[in-house]
Amino acid sequence: MSQAIVQAGDTGSVGVAATRRARGLWSDAWRRLRRNRAAVIGLAYIALMLVVAIFAPWLAPYDPNDIPPTAFANTPPVWQDGGTWDYPLGTDSLARDELSRLIYGARISMVVGIVPTMIVVVIGVTYGLVSGWLGGWWDNVLMRLVDVVYAFPSLLLFIIFQAALRDSWLGRSLGGLTLLFVAFAITGWNGMARLIRGETLRLRQQEFVIAARAMGNPPHRIIFRHILPNALTPIIVAVSFTIPGYILAEASLSFLGIGIRPPTASWGSMVFLSFPIVTYLPVFVILPSALIALIMIAFAFVGDGLRDALDPQADRSR
């Protein structure tokens, strides 16, 4: 009888274990991520900024580059003397509505963060997979190229690209966005390539990959069906930290006056244009700077939360 009880208990524990395994990595990761309050707050803020960026034409009261007929230059915000509800956050030195430019600046920041990151992921992941899979002298040659790219400071290369090509057709395309995408892609893919190369070298020694090769699967099938899916975790975490890096880089370049071409509104260019009047109207510098800081913090919270949630050891004790 005691044996039957033990067997029944074993059956129950096996059922519980099977249920836990059935949830899978992604459902467990999502469950752990939802318990991380900082990550949830970060996700909510990023979602809010995405909504603002997408619906900017409907949310902004004025065109960000036009001068409203009743506007005056350097109108203070509504809570200061001389402010008006027609322009709640005031107007800049060219009499453009500050609120509208902040809203459209969210669009520029999200685009600058997401689009170059997608390009970097495609280039870096492809390069890292090829290098790690080929191995040998091919791997040595390919990684020496990565070392060469690493030798150049990224911000300096951004500045060189902007200074040399700013007045070319590439620099004028999409208000300077195209040149930023190219500069970020050229200097940013190497980190992702190194990360994926290391994951590929590790995974190709795993038993399931060795078994797939023994069964005669072609290399591309092994890479895309076995190696890449198991390398998604570090890719996702890296992406969550790469996006705010590009947002900050664009803001830094725009603050130096070599980022997005005027009159396109971006948070960095708004700080740059308002800096001469910072003692008179500090809010024009504080607000865009605060928005840059908040989006950076939000992505940092999400990145930390994803790193913990996607760690297979994190929930073992539960």
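Structural remarks
- Net charge contributed by nearby residues that have their C-beta within less than 9 Å of Ala212 (K/R +1, D/E -1): +3
- Cβ-Cβ distance of Arg172 and Ala47, R₀ of 25 Å, FRET efficiency by 1/(1 + (r/R0)^6): the value works out to about 0.15.
- Angle in degrees between helix 283-309 and the longest Cα principal axis of the chain, rounded to the nearest 10: 0
- Relative contact order of the chain, pairs being alpha-carbon contacts under 8 Å that are 6 or more residues apart, as %: 23
- Centre separation in Å (Cα based) which lies between region 190-243 and region 102-168: 20
- DSSP-assigned coil residues among chymotrypsin sites (Phe, Trp or Tyr not before Pro) in region 233-318, each with at most 15 further Cβ atoms within 10 Å: Tyr280
- For the chain, modelled as a GNM whose springs connect Cα atoms under 10 angstrom apart, the maximal fluctuation among Ser109, Ser266, Ser274 occurs at Ser274.
- Sequence-distant contacts, meaning Cα pairs under 8 Å at least 6 residues apart, place the relative contact order of region 102-185 at 35 percent.
- Kirkwood Rh, Cα atoms: Rg over Rh of the chain: 1.11
- Rounded to the nearest 10 degrees, the inclination of helix 98-134 to the longest alpha-carbon principal axis of the chain is 30 degrees.
- On Cα atoms only, tilt of 154-165 relative to the major axis of the chain in degrees: 50
Each value in this text was obtained by applying a stated rule to the coordinates, not by laboratory testing. A quick note: this is a predicted structure, and the numbers were derived from the prediction, not measured. Virtual Cβ from ideal backbone geometry, glycine too; neighbours counted across all protein chains shown.
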